[in-house]
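Q: Dropping a structure here in structure tokens format, bear with me for questions.
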Amino acid sequence: YFLPEDFVMNKRVKRPPDNPINALISFGNTLLYTKTIAAIYQTHLDQRISFLHEPSEGRFSLSLDISEVFKPVIVFKTIFDLVNNRKIKVENHFERKVNYCILNEEGRNIFLKAFQNRMEMVVQHPKLKKKTSYHSMIKIDCYKLIKFIMEDKEFIPYSLKAGY
């Protein structure tokens, strides 16, 4: 309902993405996972131990867990902005092959810039009472998880509705 006709998606297809919207979601999620991994590395958390996603060989499950709550506010809002404001267009920014669809170099550059701007966007943190970037919010969630594990403090992940 929120996207133009050429960005219609029937179902989520990940490997490989089969249409432009799936390609944008996959690319955005990958960027978010890598930013989350970087934040986790700055803490004492172990990437391999997770609470939502099944741990598996060669996958950092904790980054999947922590980034889950940030997908709507970072990845999806970036996609809606780019698509609805016609900054990314199907005919100009995607390569389509037989069974997959990916962003071309120009499309990736546009998405990367918008994604980085979203990560640096600041919002008022109600508990800290200061402006905080989404990049910092991810790290704050890591520290909240540590407090939950070490001090049994309630873990309340970031929430767009609650604002923290």
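Q: Can you find, within region 132-150, the residue that is least open to solvent (accessible area, probe 1.4 Å) among those that are β-branched (Val, Ile, Thr) and part of a helix (DSSP H, G or I)? Write out each step before concluding.
A: Applying the first criterion (β-branched (Val, Ile, Thr)) to region 132-150 yields 132, 138, 140, 146, 149.
Next, only the ones that are part of a helix (DSSP H, G or I) stay: 138, 140, 146, 149.
Numbers: ILE138: 2, ILE140: 39, ILE146: 37, ILE149: 105 Å².
It comes out as ILE138.
Q: Which condition from (1) within 17 Å of ASN29 (Cβ to Cβ); (2) touching a Ser or Thr at 6+ places or on another chain (Cβ under 9 Å); (3) in contact (Cβ under 8 Å) with a residue 60 or more places away in the chain is the one that TYR158 breaks?
A: Result: TYR158 fails condition (2) only.
Q: Closer than 20 Å to MET137 by Cβ, basic (Lys, Arg) and at pLDDT 90 or above: does that describe LYS71? Can you show your working first?
A: Details: closer than 20 Å to MET137 by Cβ: yes; basic (Lys, Arg): yes; at pLDDT 90 or above: yes.
So LYS71 fits the description; yes.
Q: Taking region 105-131 as the search range and keeping residues that are open to solvent by less than 30 Å² (accessible area, probe 1.4 Å) and modelled with pLDDT of 90 or more, which one is farthest from the chain's Cα centre (by Cα)? Talk me through it step by step, then tell me what you get.
A: Filtering region 105-131 down to residues open to solvent by less than 30 Å² (accessible area, probe 1.4 Å) leaves 107, 111, 114-115, 119, 125.
Filter once more, so that each one left must be modelled with pLDDT of 90 or more: 107, 111, 114-115, 119.
Numbers: GLY107: 17, PHE111: 12, ALA114: 12, PHE115: 9, MET119: 9 Å.
Step by step, filter region 105-131, then rank; the result is GLY107.
Q: Return the total of residues in region 17-41 being among the hydroxyl-bearing types (Ser, Thr, Tyr) and open to solvent by less than 20 Å² (accessible area, probe 1.4 Å). Spell out how you get there, then give the answer.
A: Let us first name the residues in region 17-41 that are among the hydroxyl-bearing types (Ser, Thr, Tyr), namely 26, 30, 33-34, 36, 41.
Then keep just the ones that are open to solvent by less than 20 Å² (accessible area, probe 1.4 Å); that gives 36.
Total meeting the criteria: 1.
Q: Also, quick follow-up: Mind counting the residues in region 86-104 that are part of a helix (DSSP H, G or I) and open to solvent by less than 80 Å² (accessible area, probe 1.4 Å)? Don't jump to the end; show me each part of the working.
A: Residues of region 86-104 that are part of a helix (DSSP H, G or I), as a first pass: 90-93.
Add one more test, that the residue is open to solvent by less than 80 Å² (accessible area, probe 1.4 Å), and what stays is 90, 92-93.
Number satisfying all stated conditions: 3.
Q: Only residues that are out of contact with any Phe, Trp or Tyr (no Cβ under 9 Å at 6 or more places or on another chain) and free of Cβ contacts under 8 Å to residues at least 40 places away in the same chain: list them for region 133-152, please. Spell out the reasoning first.
A: Residues of region 133-152 that are out of contact with any Phe, Trp or Tyr (no Cβ under 9 Å at 6 or more places or on another chain), as a first pass: 133, 135-136, 139, 142-143, 146, 150-152.
Answer for region 133-152, where residues must be out of contact with any Phe, Trp or Tyr (no Cβ under 9 Å at 6 or more places or on another chain) and free of Cβ contacts under 8 Å to residues at least 40 places away in the same chain: SER133, SER136, MET150, GLU151, ASP152.
Q: Residue pairs, Cβ under 6 Å, 6 or more apart or interchain, first in region 101-123 and within 17 Å of ILE140 (Cβ to Cβ), second surrounded by fewer than 13 Cβ atoms within 10 Å (Cβ to Cβ). List them.
A: Correct list of pairs: VAL122/LYS131.
The values are calculated or read from the model by the stated rules, or taken from the named source; none is laboratory data. Here the structure is a predicted model, which means the values were calculated and not measured. Positions of Cβ are generated from backbone atoms using ideal geometry, with glycine treated the same way; all protein chains shown enter the neighbour counts. Calculation scope for accessible area: heavy atoms of the full protein, side chains included, ligands and nucleic acids excluded. Shrake-Rupley method; radii C 1.70, N 1.55, O 1.52, S 1.80 Å.
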